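The values are calculated or read from the model by the stated rules, or taken from the named source; none is laboratory data. Values in this document were obtained by computation on a predicted structure and should not be read as measured data. For neighbour counting, all protein chains shown are included, and Cβ atoms are generated from backbone atoms with ideal geometry for every residue, glycine included. Please note that ligands, DNA and RNA were not included when accessible areas were found on the heavy atoms of the full protein model with its side chains. Shrake-Rupley method; radii C 1.70, N 1.55, O 1.52, S 1.80 Å.
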Amino acid sequence: MRTINKFMEKEGKEKGLVYKNEMAWEIFSKIILKSKPSKIFILVDENTENHCLPYLLKKAGFETIPETIIIPEGEAHKNIATCLNVWETLSDKGADRNSMIINLGGGVVTDLGGFVASTFMRGISFINIPTSLLAMVDASVGGKNGVDLGHKKNQIGVIALPEMVILDTEFLKTLPKEHIVSGIAEMLKHGLIHSKAYWERIKNVDVSDNSAFNNLIWDSIEIKKEIVTKDPLEKNLRKTLNYGHTLGHAIESHFLEASNKNPLLHGEAVAVGLILATYISTEILSFPKETLEEVTHSIFNYFPKQSFTQNDIAAIINLMAFDKKNRNGKVLFVLLEDIGRHKCNCEVNNELIYKAFEYYKNF
């Protein structure tokens, strides 16, 4: 963990660092004083306006209360139409190239807010303050910003780092239980791609043990930060962060667009994708079958089983064609030889995908 003195030595030049709790708010104040933004805007959704904005205003100690921009809550609004409204609001409110946006919310807010900031007037500074577990361990770390194209996940975007990321677990107290569980899916993924040691710690985490859970959150962030630092542009190693997401994103998109389905939270869809990808890993890379059963059982401890018809599976396979990791028309997966041993750019045929769904259904 970097100290405030270390931060001052670097004069705030290193972007994208994650700071936690009281240190985060101290460094936040230093960044505001140093950058002297002409105007500060706080981007929130309808939920974080009510539950998180008062806490931010209390901790930040602004001399002048910033302008608040409110967007609708939910993945369905993570699109260019919402961006257009935010861009127009920034312009109407007199934002210039020295303005700053503070993104206060879950992954939709940090993804969309970072994209808006990175493109308005060719880029203004922004700070991410994730308020959901999912955003803390995934969306707000690593510099990926973007929006969906229809129901196709994250098709439009840029890589740009925030001035800083504030991790304050007090925000988690505002979340319903299902949103905490949704974030755990990404932590389980970190365990699978990183090490058996972290997997053993996260697979049966006691969320009520605040100290232990907070340590796991920070360790999960460190795992992602380590990967992103080594491969910021996703040429190789960073692709491992997509484990379970090739199918998970397609499942999430299908449940958003299908009239007979209730939308899934991101983590709920990824949880299915993790089981499917691990099964496929046993068939292609000889991932240990006893470990597959352990992984599947652990995920079902957190997430209820979803139902898929043959038509659902066909639609999900079609949606995978829009995955950003694809090359030359081929759908490419991240798979595992064992926990912590990954292989990128694996081709998987449709027959095996159907078999994976059959395994999921019958477990």
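One entry in (1) 34; (2) 38; (3) 30 is percent of Cα pairs over 32 Å apart calculated from the shown coordinates; its label is (3). The phi torsions of region 76-81, fed into the Karplus equation with coefficients 6.51, -1.76 and 1.60 and a -60° offset, translate into couplings of 4, 9, 8, 8, 5, 4 Hz, rounded to whole numbers, with Gly and Pro shown as x.
Each part reduced to its alpha carbon centroid, region 118-144 and region 20-36 end up 16 Å apart. Quantify, in whole percent, the carbon and sulfur part of the accessible surface of the chain (1.4 Å probe; protein heavy atoms only). Of all accessible area on the chain, carbon and sulfur atoms account for 48 percent. Take the cross-link list K39/K225; K305/K355; K58/K93; K144/K235; K305/K361; K230/K343 and give me the ones stretching past 18 Å between alpha-carbons. K39/K225; K58/K93, as the Cα separations exceed 18 Å there. The HN-Hα couplings worked out from phi for region 103-115 by the Karplus form 6.51 cos²θ - 1.76 cosθ + 1.60 (θ = phi - 60°) are 8, 10, x, x, x, 4, 5, 5, 5, 5, x, x, 5 Hz, whole numbers, x standing for Gly and Pro. Under 5 Å between amide hydrogens, built in the peptide plane, is the criterion, and for L149 it picks out N154, Q155, I156 among residues at least 5 positions away or on other chains. For T68, the residues whose amide H sits under 5 Å from its own are I42, ignoring neighbours fewer than 5 places away on the same chain, with H placed 1.01 Å from N. Solvent-accessible surface of protein heavy atoms, probed at 1.4 angstrom with all chains present, puts T68, T278 in the order T68, T278, largest first.
Per-residue extension of 0.36 nm, minus the Cα-Cα distance of K93 and L149, leaves a gain of 17.4 nm for this segment.
Here the 3J(HN,Hα) profile of region 21-38, calculated from phi with Karplus coefficients 6.51, -1.76 and 1.60 at θ = phi - 60°, is 6, 5, 4, 4, 6, 5, 5, 3, 4, 5, 5, 4, 5, 6, 7, 6, x, 5 Hz, Gly and Pro shown as x. Be a star and scan region 15-47 for residues whose amide nitrogen sits under 20 Å from the point 7 Å along the Cα-to-Cβ vector of N214. Those under the cut-off are 18-29. Counting only protein heavy atoms and using a 1.4 Å probe, the accessible area of R341 comes to about 130 Å². Annotation: aspartates and glutamates with alpha-carbon distance below 13 angstrom to K34 (same-chain offsets under eight excluded): E11, E26, E163.
Inter-label distance, E358 to E63: 6.9 nm, where each label sits 7 Å from its Cα along the C-beta direction. Placing unit charges on each Cβ (+1 for Lys and Arg, -1 for Asp and Glu) gives the chain a dipole about its Cα centre, and among N79, L43, T240 the Cα reaching farthest toward its positive end belongs to T240.
The label-point distance for D231 and N50, in a model that sets each label 7 Å from Cα toward Cβ, rounds to 4.2 nm. In the context of the full set of protein chains, residues of region 4-124 present 49 Å² of accessible surface per residue (probe radius 1.4 Å, heavy atoms only). With each label modelled as a point 7 angstrom along the Cα→C-beta vector, the N350-E26 pair spans 5.9 nm. Using a probe of 1.4 angstrom and keeping all protein chains present, the accessible surface of region 159-220 works out to 40 square angstrom per residue. Counted residue by residue at 0.36 nm each, then reduced by the alpha carbon distance between them, the extension gain from E170 to E200 reaches 8.2 nm. Proximity of backbone amide H atoms, modeled 1.01 Å from N, is registered between F62 and no other residue at under 5 Å, excluding neighbours fewer than 5 places apart on the same chain. With protein chains left intact and a 1.4 Å probe, residues in region 230-363 average 45 Å² of accessible area per residue.
Classify region 50-125 as rounded, prolate or oblate from the Cα gyration tensor: take a ≥ b ≥ c as the square roots of its eigenvalues, call it rounded if a/c is under 1.5, otherwise prolate when a/b beats b/c and oblate if not. Oblate shape, in that a/c is at least 1.5 and b/c is the bigger or equal ratio.
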